[in-house]
Each structure stands twice: as structure tokens, then as C-alpha cells.
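*Asks:* My structure is below; once you've seen it, I'll send some questions.
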Amino acid sequence: MSKDDDAARVQECLRGNPQAFATIVERYEKPLYNVALRMLRHPEDARDVTQTAFLKAFQGLEKYDPQFKFYSWLYRIAINESLDALRLRRRETDPVDDQYPSDGPGPEDSFATDVAERGLLDAIDGLKPDYRAVIVLKYFADRSYGDMAGILGIEEKTVKSRLFTARQMLKDRLADMGSL
Amino acid sequence: MSTEETRKLELIQGDLDGELSAADRAELARLLLQDPEARRVRDELARTDAMLRALPPAEPPAGLRPSILSALGLASGGAEGTGSGAAAWGRYRLAAAVLGGLVVVGLGYRLVSTQEDLDGLQGSIAAGAVATAPADEVVIAVGGGHVTARLFREGTRTRLTLESSGLEPIEVIGQYDPTVLAPAGAAAAGPGSRAGQFGAVLQAADPSESLEFTGTGPIRLEIRAGGQRLDTVVLGADAPD
């Protein structure tokens with residue numbers, strides 16, 4: 001489905017055929033779930049965030065500006081929902097620390113037999129949310145610099161800078177773990 | 001960082017991300033030929049990049065899409081061809097708004113609820129779960145608490161409940177004969193689930209799990225914590241069907 005296909009489905013919805021949105025759900029369910037899962041590292045929270053993102057998009061279709069890519073808007077909702085969930089989780093677990101500590105191995109990979117894979121997920125989990133978001137969008141949603149800038153509402157040069165810093169952090173953590 | 005250094009890193013990263021023009025690629029090729037430090041940085045970042053790309057995407061839980069479509073009022077056979085137009089659209093939007101609110105409230109509740117709330121909820125769930133006597137039951141000591149596994153036979157269905165009273169996360173890996181048991185719901189969608197095997201994680205914030213199967217048969221459970229196997233038990237091996 002292209003940007004035009006998405007726009008056509010949105011127009012169909014707005015013209016009174018909400019069933020057209022089912023095609024959008026089918027198209028973006030997996031990438032949105034993966035984004036939420038890698039941001040939150042918890043399958044149940046990822047499931048809730050994915051569902052909430054689709055519901056918010058559906059409710060707010062009239063606010064969608066068709067000059068932007070629809071999927072950027074959808075990813076933006078999912079990322080914001082994930083960040084909100086992380087903030088709630090952080091407030092609950094650590095009200096004074098201004099860092100975003102790793103929650104330790106999450107349930108989604110508790111059965112991973114590959115030590116390197118688990119180490120990498122731990123390393124991603126240890127990144128601050130702003131840096132985690134660019135890694136997640138790059139590697140689990142295959143977004144370009146321009147897409148990421150649109151999704152995160154930041155300049156492309158900031159995307160590049162965050163991505164570079166995040167990769168350096170991951171490289172250092174993996175080296176510390178002996179995975180590189 | 002110097003302008004030259006910044007440019008070098010920009011080229012290396014752009015190459016990894018497939019965002020370089022032909023001229024940029026040529027510039028990077030020259031740089032890599034001349035600068036061993038640039039080659040070292042590129043190789044390190046390329047290894048990290050390769051590891052990230054090798055991470056497999058997760059499959060959404062089987063019930064997610066139907067749940068979303070249902071919440072939107074778009075479940076199959078529901079919306080298409082019935083009452084199209086502004087009035088129907090308004091009804092769908094209203095239903096979505098109400099259900100969306102419930103999901104958001106539900107997520108917020110789950111994330112901020114206190115242990116007391118969870119204890120009360122767990123008690124309610126447990127009270128419902130023991131309405132029928134289990135066909136088999138085992139209690140396994142874990143650090144600072146215990147895990148209780150119960151197997152219920154309900155006609156041609158099997159239900160397994162798991163509860164942990166410990167604080168540390170407990171991983172449960174279940175194995176069964178897929179020719180006599182077929183998983184349903186969470187048993188099919190849990191972490192590590194595949195034919196003949198399922199996974200569940202019990203945590204302080206989410207200490208119980210109920211898994212459904214069609215058919216009857218024994219289930220082997222491996223209980224793990226902190227990457228260590230604590231115990232292995234078999235439920236239902238001698239229980240009457």
C-alpha cells in the first residue's frame with residue numbers, strides 16, 4: 001500500500017465507509033506492534049499501545065493533514081503513546097531518578113535462547129527513550145531520516161545526531177558485554 | 001568535534017542507512033582508502049548495524065487485529081454495507097471514542113495500579129478459578145515465595161492456571177503433546193509459544209496466568225528464574241480425563 005493508497009482509504013472513511021480503515025489496520029498492525037514492543041519491551045503494554053494508536057487515529061481522522069504521510073502520523077501516535085506509557089511506568093517505579101533505567105530483561109524475550117540477541121535487546125532497553133525511538137523506527141519500522149523527522153517532529157539533522165549517538169551507545173554496551 | 005570528523009561520521013552512517021548520493025559514496029570510498037581510523041569506525045558500526053538488522057520482527061498476538069477491529073466497530077460482517085453515510089459514521093466514531101477511552105483507562109490503570117489493587121484482583125481471579133476442583137495441582141518453592149500450578153479438566157477442555165507469590169519474575173515453559181492438546185488464546189500467543197510449547201512470565205505486577213487448551217493430556221512445566229531452572233513437573237499425567 002502506498003501513501004496514495006493510505007490517503008484513499010482515509011478519504012473513503014471520511015466519506016462514510018469506515019470499513020476502509022480495516023485495510024489500514026491490516027497494513028500497519030505488525031509494524032506498529034513491533035514499534036511499541038521494542039519501545040516498551042512488554043507484550044501486553046505493546047498490545048494496548050497498538051490498539052490505542054489505531055483507535056486514536058480512527059477518532060481523529062478529520063484532524064489528519066493529508067499533506068503529510070498517513071503512516072508518519074500513525075507512527076507518531078504510537079511513539080507518543082509508548083513514551084506516555086514509559087513515563088507512567090517510570091513515575092510508578094522511580095519518582096526521583098531522571099534517567100530511564102533498564103527494566104532488565106523483559107518478558108518478550110525471556111525465552112530468547114540467543115545470548116547475543118538478549119544482550120542487544122537489553123542494550124536497546126538501556127537507551128533513553130529519545131534515542132530508543134530512532135533505533136526502533138530505523139530497525140523495526142524501516143523508516144528513512146525524513147520519515148523519522150516527520151514522525152518525531154524534529155529536524156533531520158537531529159535524527160542523524162540521535163541515531164549516531166544511539167549506535168555508539170549500543171556499540172559500547174555490546175562491546176562491554178563481549179558481544180562485538 | 002571538527003567539521004572533518006563530523007563529515008566522516010555523517011558519511012559512514014549515511015552509507016549504513018542507504019542515504020548517500022553517488023557523489024557521497026565516492027567521497028566515502030576515498031576516505032576509507034586513506035583513513036584506517038575511518039575504516040575501524042565503519043567496521044564497528046557495521047557490526048552493530050548487522051546485529052540490529054538480524055533481530056527478527058515479532059508477530060502480533062493472534063487476537064490483536066480482531067480486538068482492534070471489534071473496538072472500532074469494524075469486526076467482519078459488522079460495518080460493510082450497513083448504514084453507510086454520515087449517521088453510520090457517527091455511530092462508529094462514538095463507539096470508537098467510548099472503547100478507546102476504555103482502552104486508555106485500562107492501560108493507565110494497569111501501569112499505575114498499586115500492589116494492593118493487584119492483590120485484590122488476584123484474589124478475585126483466584127476465587128473464580130477454584131470454583132472447580134483441579135484435576136492436578138503442584139506447588140513449587142521459588143525465591144521468597146512459591147508458584148502454584150493447577151490443571152483443570154472441563155469436559156474436552158483443559159485449563160492450566162499459574163500463580164506466583166514471589167517478587168522476582170518467574171518464567172514458565174510448558175510442553176505438551178500437540179496431537180492431544182491444542183492451545184487457545186494466551187497459550188497460543190504467549191512468549192516462546194510454538195507447536196507443543198508455550199511460555200508465560202509471572203511477575204509481581206502480573207502474577208497469574210490462565211491458559212486454555214482443547215483436548216486433554218498432561219503438561220510438563222519447567223520453572224525458571226533469573227535464567228536458572230528451578231524445577232520441572234508434569235501435571236495431569238495420572239489425572240482422570
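The values are calculated or read from the model by the stated rules, or taken from the named source; none is laboratory data. None of these values were measured; they are calculated from a predicted model. Here the Cβ positions follow ideal geometry from the backbone for every residue, glycine too, while neighbour counts run over all protein chains shown. These accessible areas exclude ligands, DNA and RNA; they are computed on the full protein's heavy atoms, side chains included. Shrake-Rupley method; radii C 1.70, N 1.55, O 1.52, S 1.80 Å.
*Asks:* At 7 Å along the Cα-to-beta-carbon direction for both A:V115 and B:V139, put a label point, then send me their distance in nm to one decimal.
*Replies:* Between A:V115 and B:V139, the label points sit 3.7 nm apart.
*Asks:* Moving to a separate point now. I'd like the Karplus ³J(HN,Hα) series for segment A:27-42: coefficients 6.51, -1.76, 1.60, θ = phi - 60°, whole numbers in Hz, and an x wherever there's a Gly or Pro.
*Replies:* 5, 10, 4, 5, x, 5, 5, 5, 4, 5, 5, 6, 6, 9, 6, 8
*Asks:* Sort A:E81, B:E59, A:E44, B:E209 by accessible area with a 1.4 Å probe, largest first.
*Replies:* Working: A:E81 20, B:E59 120, A:E44 85, B:E209 55 Å².
Of A:E81, B:E59, A:E44, B:E209, the descending order of accessible area is B:E59, A:E44, B:E209, A:E81.
*Asks:* So, one more: Take the alpha carbon gyration tensor of segment B:3-44, find the square roots of its eigenvalues, order them as a ≥ b ≥ c, and report rounded if a/c is under 1.5; if not, report prolate when a/b exceeds b/c, else oblate. All intermediate terms of the calculation are to be shown ahead of the outcome.
*Replies:* On the way: a/c = 1.44, a/b = 1.32, b/c = 1.09.
Rounded is the answer for segment B:3-44, as its axis ratio a/c remains below 1.5.
*Asks:* To continue, here is another question. Could you sort A:K128, A:K63 by accessible area so the largest value comes first, with the probe set to 1.4 Å? Intermediate results must be reported in sequence, preceding the final value.
*Replies:* Numbers: A:K128 85, A:K63 170 Å².
Ranked from most to least accessible, the order is A:K63, A:K128.
*Asks:* For A:V134, what accessible area in Å² do you get when you roll a 1.4 Å probe over the heavy atoms of the protein chains, rounding to the nearest 10?
*Replies:* Result for A:V134: roughly 0 Å² accessible.
*Asks:* In Å², what does the accessible area per residue of segment A:3-176 work out to with a 1.4 Å probe?
*Replies:* On the way: 7080 Å² over 174 residues.
With the other protein chains kept in place, segment A:3-176 gives 41 Å² per residue.
*Asks:* Go through B:198-207, B:216-225 and give me the packing order, highest mean Cβ count within 10 Å leading. If you can, show how the numbers build up before the last one.
*Replies:* Values: B:198-207: 20.7, B:216-225: 19.2.
Order by mean packing, descending: B:198-207, B:216-225.
*Asks:* Separate question: Taking 7 Å along the Cα-to-C-beta vector as the label spot, tell me the A:D5-B:R47 distance in nanometres, rounded to one decimal.
*Replies:* So the label points at A:D5 and B:R47 sit 4.0 nm apart.
*Asks:* For the interface of B with A, what's the total buried accessible surface in square angstrom, probe 1.4 angstrom, rounded to the nearest hundred? Working shown, then result.
*Replies:* Values: alone 15010 and 10240 Å², together 19610 Å².
In total, chains B and A hide about 5600 Å² from solvent.
*Asks:* Now for a different question. First measure r as the distance between the Cβ atoms of B:E222 and B:A75, then evaluate 1/(1 + (r/R0)^6) with R0 = 41 Å and state the FRET efficiency to the nearest 0.05.
*Replies:* Details: r = 37 Å, r/R0 = 0.91.
Working from the Cβ atoms, E equals 0.65.
*Asks:* Residues in segment A:122-141, backbone N under 11 Å from the label point at A:M177 (7 Å along the Cα-to-beta-carbon vector): list them, ranges by number please.
*Replies:* Output list for this probe position: A:122-127.
*Asks:* So if R0 is 45 Å, what FRET efficiency would A:T165 and A:E26 give, r being the distance between their Cβ atoms, rounded to the nearest 0.05? Mind dumping the intermediate values first?
*Replies:* On the way: r = 35 Å, r/R0 = 0.79.
So, using R0 = 45 Å, E works out to roughly 0.80.
*Asks:* Just to verify a number: what accessible area does B:R30 come out at with the full protein assembly present, 1.4 Å probe, Å² rounded to tens?
*Replies:* 130
*Asks:* Here's a follow-up. Can you sort B:H146, A:H42 by solvent-accessible area, 1.4 Å probe, largest first? Kindly include the intermediate steps, with their values, before the conclusion.
*Replies:* Values: B:H146 80, A:H42 35 Å².
So, going from the largest accessible area down, we get B:H146, A:H42.
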